[in-house]
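Data first, discussion second: the structure below is written as C-alpha cells.
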Amino acid sequence: MQETLTNPVSQEHGGKIVSITEAARINNVTRQAIYVAIKQKKLKATKDSTRWMIHLDDLDEYRRNKYSRTKSMYAGELLFDNRKGFYSVGQAAKFLNVPSQKIYYATRVGLLKASRKGAAWVIHIDDIRGYQDNYLNRKPKIG
C-alpha cells in the first residue's frame with residue numbers, strides 16, 4: 001500500500017518544506033508559475049529524485065522580492081509613487097471608474113496630461129482631478 005501525505009507541508013525539516021503544488025496554493029498562482037520561478041532562479045528549491053522541495057523561508061523571500069508594477073523604478077525613484085501623487089493609467093482608470101482605454105485616448109488627444117517614464121505613462125493626481133472636473137463631470141449644455 002502506498003503512503004500518502006495528508007498534510008502537504010512535509011513533516012521532515014520541522015514542517016517547513018512544501019511541494020510545488022502547495023507553494024502554488026500558498027502564493028495563489030499556478031504550479032507552472034512556481035516551476036518557472038525555480039527555473040529562472042528566482043525561487044530557491046531542491047529536487048530529490050522526482051519532487052521539488054521548497055523551504056517556506058525561501059517562499060517568503062520569493063514573495064517579498066516578486067515583481068510588482070507598483071514597485072517599478074525609473075531613474076532611482078518609484079514610478080507610481082501615490083504618496084507624491086503619481087499614478088499609472090490603470091490606477092487613474094480605477095480612480096475615475098472608467099476603462100483604461102478612455103485614459104489612453106484622453107492622453108493621446110490632449111485632454112489629460114501624462115508623461116512617459118521609460119515604457120510607462122505616469123499621471124499626476126492634479127491632472128486626473130482636472131480631467132474629471134473638466135470632462136467627466138461636465139454637465140451637457142441644453143440649448
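The table for this structure:
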item: Residue that is farthest from ASP127 (Cα to Cα) [pool: residues in region 97-111 that are of a type outside the set (Val, Ile, Thr) and surrounded by fewer than 10 Cβ atoms within 10 Å (Cβ to Cβ)]; result: ASN97
item: Cβ-Cβ under 9 Å pairs, at least 6 apart or on other chains, region 120-143 side assigned by TED's automatic domain parsing to the domain that holds MET73 and modelled with pLDDT of 95 or more, far side of a type in the set (S, T, N, Q) and loosely packed, with under 15 Cβ neighbours inside 10 Å; result: VAL122/SER115; ILE123/SER115; HIS124/SER115; ILE125/ASN82
item: Candidates ASP126, ASP48, ASP60 - the one that is of a type in the set (Asp, Glu), surrounded by fewer than 18 Cβ atoms within 10 Å (Cβ to Cβ) and either in contact with an Asp or Glu (Cβ under 8 Å, 6 or more places away or on another chain) or over 18 Å from ILE17 (Cα atoms) (or both); result: ASP126
item: Any pair with Cβ under 9 angstrom, 6 or more apart, that starts in region 47-62 at a residue that is among the hydroxyl-bearing types (Ser, Thr, Tyr) and ends at one that is surrounded by 10 or more Cβ atoms within 10 Å (Cβ to Cβ); result: TYR62/ALA23; TYR62/ASN27; TYR62/ILE34; TYR62/ALA37; TYR62/LYS42; TYR62/LEU43; TYR62/LYS44; TYR62/ILE54
item: Residue match in region 110-120 (condition: polar (S, T, N, Q) and within 18 Å of the chain's Cα centre (by Cα)); result: no
item: Qualifying residue in region 66-86 (condition: small (Gly, Ala, Ser) and at pLDDT 95 or above); result: yes
item: Members of region 73-86 that are part of a strand (DSSP E or B), farther than 12 Å from ILE123 by Cβ and not charged (D, E, K, R); result: MET73, TYR74, LEU78
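The values are calculated or read from the model by the stated rules, or taken from the named source; none is laboratory data. It should be emphasised that the depicted structure is a prediction, and the values quoted were computed from it without experimental measurement. Cβ atoms come from the backbone with ideal geometry, glycine included; neighbour counts cover every protein chain shown.
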